[in-house]
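Right, one structure below, let's go through it.
Computed from the coordinates by the stated procedures, all read-outs in this text should not be read as laboratory data. Quick caveat: nothing in here was measured; it's all calculated off a predicted structure. In this analysis, Cβ positions are derived from the backbone assuming ideal geometry, glycine residues included, and neighbour counts consider all displayed protein chains.
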């Protein structure tokens, strides 16, 4: 147990918590491993049982440990999950008032990066799914504001399909709550869309999906940026009215 050692004169609960957390995050204890008993940890760390129990409770709240009862019970290392981060981001977005500049800057940097991963990783089945989404988007044309509203909803689901194909849990954790949160901003900023905006968006999406099918990273990234330029311009038009 190389990472664990005597705790010096620090805040004991914080110090013990940090020591055990470092041992978990460094891989000394892997998902599914059982930690030493509280008595053993007391001897290793040189602190009271009360301090050990408080530290383990904190690590359980953080989602790093899971307590099990019974003869074979104890504290076990959990699989690291992005769900707590996702929940926190959703709450943050719900209570924040974001400017259109912040939204645009975030999207243009991250969505262009995601689509490059999609070009690299998407298999033929996923590309067919993207093409089906494109047909749904095209079906929104000529239906005025109702068609535009439906297009915004389909775009939301298509972006989630892109994240599946990109296969990166960090982007999943960060971008899925952002994508979900875009609905409230779509209602605020994108409420004026109609046939012209729907046609432009479909043209841009067709460019994105064709570039993905052609395995063209530069083309896909450029097409996504053109789509986001439209997003930016429509927001600016709406906010100036």
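A few comments on the model shown:
- Spacing of the two label points (7 Å from each Cα toward its C-beta) at residue 203 and residue 76, in nm: 5.7
- Calculated FRET efficiency for the pair residue 168/residue 57, C-beta based, R₀ 45 Å, to 0.05: 0.90
- With each label modelled as a point 7 angstrom along the Cα→C-beta vector, the residue 230-residue 38 pair spans 6.1 nm.
- Footprinting exposure proxy for 221, 109 (fewest neighbouring C-beta atoms within 10 Å first): 109, 221
- Translational D in µm²/s for segment 12-77 (Stokes-Einstein at 25 °C, 0.890 mPa s, Kirkwood Rh from C-alpha pairs): 209
- Exposure proxy order (Cβ contacts within 10 Å, fewest to most) of 198, 149, 38, 17: 38, 149, 17, 198
- Each of residue 161 and residue 196 was given a label point 7 Å from its Cα along the Cα-to-Cβ line. The distance between the two points is 2.9 nm.
- Here residue 68 and residue 126 are evaluated by their C-beta separation; at R0 = 41 Å the FRET efficiency comes out at 0.60.
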